[in-house]
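The structure under discussion appears below in the form of structure tokens.
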Amino acid sequence: MPFTTDFLDDGRVLEWEATNDGATATERDDYTPRFFVAARDPDTDIDLTQLHSLYERHPDVVATEIVSRRPGFRRDDERALAVDVNHVERVTPLARQAHQLSAYPVGDLACFNVDFSREFRYCLETNRDPTPAAELSTLRLGIPVTETGQDTYSELTVAGETVTGSSGDILTTVQAAIETHDPDILVCSTSEIIPTLYEMATDAGVDDFSLSRWPDTDYQQLASRSTYSSYGRVGHSPARYNVPGRAIIDESNTFFYGETNLEGVLDLVSRSNKPVQELAWASIGNVLTAIQICEAHDRGVLVPWNSWRHEFYKPMGTLHDADRGGFIFAPEVGIHENVHELDFSSLYPNIICTRNVSPDVIRCSCHSDRDDVPDLGYSICDDQGYLVDVLQPIIDARDEIKAAIRREKERDDPDEDRLAELEGRSGALKWILVACFGYQGFSNAKFGRIECHEAINAFAREILLTAKQRLEAGGWRVVHGIVDSIWVTPDPDVDDEDREDLETLATAITEEVEIRLEHEAHYDWVAFVPQRESDAGALTKYFGKVAGDDDFKIRGIEARQRSTPPFIGAVQRDCLDRLDATRSPDAVLDCLQDAIKRLHAGTVPVEQLVERNRVSKPLEGYTQTTQNVAALKRAREQNLAIHPGQDIEYVVVDDEKSSRERVALAHEEVESYDALYYETQLVRAVESVLAPLGWDRAEIQQELAGTREPELTEFW
């Protein structure tokens, strides 16, 4: 069970297995990665003889053979050319040559099993399970933001201890920690620590410095840094590195480790066949694809290099009906008492599994006369689709983990370590289940199909409508509903004795739709917030007081937004406490007034006013003098590397300026801040709290103007 695998330049492969006494390496010199070439279309007659002969003579090709494989889930076994390569890095270049070496048009040939990450490919092709057999040891290396992008570090955190001084001092401390801890995993605040330490060793003449477990090998660069755009959002992908014998987790480039923990990562390692290092940097879709590829591999189905699935023909009316999302009941703006929230458990994944929605069986030719999907008339084959086999074990596992979490919490003395492990695993599986629906409509998905996406939405709309009708018939009034959640309150026009018990209703709905409807929460009250420029309710902005609890459930408003300074979020939560205790806008305004006084008195700690925003482009790409631009100018002045897609943190010190003096970076010594700017942010946050009661920003500011004396500095 190799938890990490290294590929040496000479073609050898090192399998590293974790044991209780440290990691052991096994050398292999017989591994030959493989890709396939076959007809893109099953009706195209392709003679692979010439291509077979040409590849056979290629110096980077070890072996070739004609095999029988399925080029897709909807296709039977067909002839394909298997090409074994001498090194994992040569797979993609050789696959690109398929069209150059053959006489067939580009549209006739297709390559398969090409763009796999290298460790995942190795585990898949050699049937290795990368789940560690023993507990993995970790060592964390971190740098402060002031060291970002520097050629030499003067400060480094090693295993929780901060080291400062010369390069020699820092390198000596790191080397000692490596020898003492002998970590299986290096957790780095940024992967750039790896090459920078080696460069420092070279400059300082330290010849024996090494992070590697394998002699005479230092580190490898696997990918360069890049900027990308996804759904209109700019992201940054830092360079990736490999150290032989150790997995690297880059905290600046990890989703699952950041959102869950190491236990969550390891759970997905066991399900996806992606080793720790690759799983840590992988996206949700990447991991879901890996799980699907494993299922395809077990079924003898090849994985296309480039997706070319055509969309089935649809009449215009069907296109119109299909191009819709889940059902939404517009929220009733205002405060509602005694509200219950009910959620369908993993609605979209369960729709896939209970309705057999899968790319290989949707709109099958064998049942084309059936109308299985509501409103759309799509048929679904009786044969079980592969996607059900992928998702059902994950659904079942998460249900079991959630039950274990409940049992642990009910104990008199809960094991916090055990709870953290279970919650990490549950969180990791949740993200896979969340993404499985949208992935079906993703154009680059290996096995997605838009008809699956449309069918899932159609079933979801029908299910939520069924729930709404059944709840209303039982004496409950729906105040909001969105996709898989529905909020109800007792219908005042129905007598209590005539109203059906909510748990009984939920059970009946569960039996009818075959997906569990769970009672998520009971609220003393819930407030639905209107849109900023409209009286209509905002779909995802609400807050409510959980019954029998001191906490609030908050969605969409400032206290939940990642860019909001801590002080603003804390004041908004204080306002919620006042609203809960008094139901009085005056009490909320008193809280706001007190916060404004503290701002202008200069008693708010500067670190509580730090804003965090994402950089969307290089400094030269901006045409407006925004706060981000000012912050980027300051970062450049200090030689700090901030790339598009990364966050930048700053305090606004004078919002009237357009130069870099407008802000101060979070790590700088800030002597003052722009109280008027933060007052505006406070008013905006309190508007979110009072908007359900009919207050807008102008009314709040008018009320403030009538109750406070302006500071003289406000007229400067």
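The values are calculated or read from the model by the stated rules, or taken from the named source; none is laboratory data. Predicted model, so just to flag it, every value in this text is computed and none were measured. Neighbour counts run over all protein chains shown; Cβ positions are idealised from the backbone, glycine included.
Residue count for segment 308-362, restricted to those that are farther than 26 Å from Asp549 by Cβ and touching a residue at least 24 places away in the same chain (Cβ under 8 Å): 29.
Against the list (1) surrounded by 15 or more Cβ atoms within 10 Å (Cβ to Cβ); (2) modelled with pLDDT under 95; (3) within 21 Å of Arg121 (Cβ to Cβ); (4) not assigned by TED's automatic domain parsing to the domain that holds Arg74, the condition Ala23 fails is (3). If the condition is being within 37 Å of the chain's Cα centre (by Cα) and aliphatic (A, V, I, L, M), then segment 595-613 contributes Ala595, Ile596, Leu599, Val604, Val606, Leu609, Val610. For segment 223-243, the count of residues that are part of a strand (DSSP E or B), in contact with a Lys or Arg (Cβ under 6 Å, 6 or more places away or on another chain) and either farther than 22 Å from Thr26 by Cα or not assigned by TED's automatic domain parsing to the domain that holds Asp169 (or both) is nonzero.
Checking each residue in segment 1-56 for being touching a Ser or Thr at 6+ places or on another chain (Cβ under 6 Å), in contact (Cβ under 8 Å) with a residue 12 or more places away in the chain and not aliphatic (A, V, I, L, M) picks out Glu15, Trp16, Glu17, His52, Tyr55. Of everything listed in (1) part of a helix (DSSP H, G or I); (2) modelled with pLDDT of 95 or more, the single unmet condition for Val651 is (1). Checked against the criterion of being in contact with a strand residue (DSSP E or B) (Cβ under 9 Å, 6 or more places away or on another chain) and in a helix (DSSP H, G or I), segment 296-310 contains one or more residues that satisfy it. The single condition among (1) free of Cβ contacts under 8 Å to residues at least 60 places away in the same chain; (2) touching a His at 6+ places or on another chain (Cβ under 8 Å); (3) surrounded by fewer than 20 Cβ atoms within 10 Å (Cβ to Cβ) that Thr64 does not satisfy is (3). For Ser270, the criteria (1) surrounded by 18 or more Cβ atoms within 10 Å (Cβ to Cβ); (2) touching a residue at least 40 places away in the same chain (Cβ under 8 Å) hold in every case but one, which is (1).
Restricted to segment 73-159, the set of helices (runs of 4 or more DSSP H) holding at least 3 residues that are closer than 30 Å to Val187 by Cβ and not aromatic (Phe, Trp, Tyr) comprises 118-126. Do you know which residues across segment 1-20 are surrounded by fewer than 20 Cβ atoms within 10 Å (Cβ to Cβ) and part of a strand (DSSP E or B)? Leu14, Glu17, Thr19 - these are the residues of segment 1-20 that are surrounded by fewer than 20 Cβ atoms within 10 Å (Cβ to Cβ) and part of a strand (DSSP E or B).
Condition first: within 27 Å of Val606 (Cβ to Cβ) and either surrounded by 22 or more Cβ atoms within 10 Å (Cβ to Cβ) or touching a residue at least 40 places away in the same chain (Cβ under 8 Å) (or both). Can you find one or more residues in segment 540-558 that meet it? Yes, the conditions are met somewhere in segment 540-558.
Of note, Phe459 does not satisfy the criterion of being surrounded by 14 or more Cβ atoms within 10 Å (Cβ to Cβ), touching a residue at least 24 places away in the same chain (Cβ under 8 Å) and closer than 16 Å to Val287 by Cα. Checking each residue in segment 201-213 for being in a loop (DSSP other than H, G, I, E, B), out of contact with any helix residue (DSSP H, G or I) (no Cβ under 7 Å at 6 or more places or on another chain) and within 21 Å of Ala239 (Cβ to Cβ) picks out Ser210, Ser212. If only residues of segment 297-313 that are closer than 27 Å to Asp372 by Cβ and touching a helix residue (DSSP H, G or I) at 6+ places or on another chain (Cβ under 7 Å) are counted, the one that is surrounded by the fewest Cβ atoms within 10 Å (Cβ to Cβ) is Glu311. The set of residues from segment 315-354 being more than 31 Å from the chain's Cα centre (by Cα) and outside the structural domain of Pro530 (by TED's automatic domain parsing) comprises Pro315, Met316, Gly317, Thr318.
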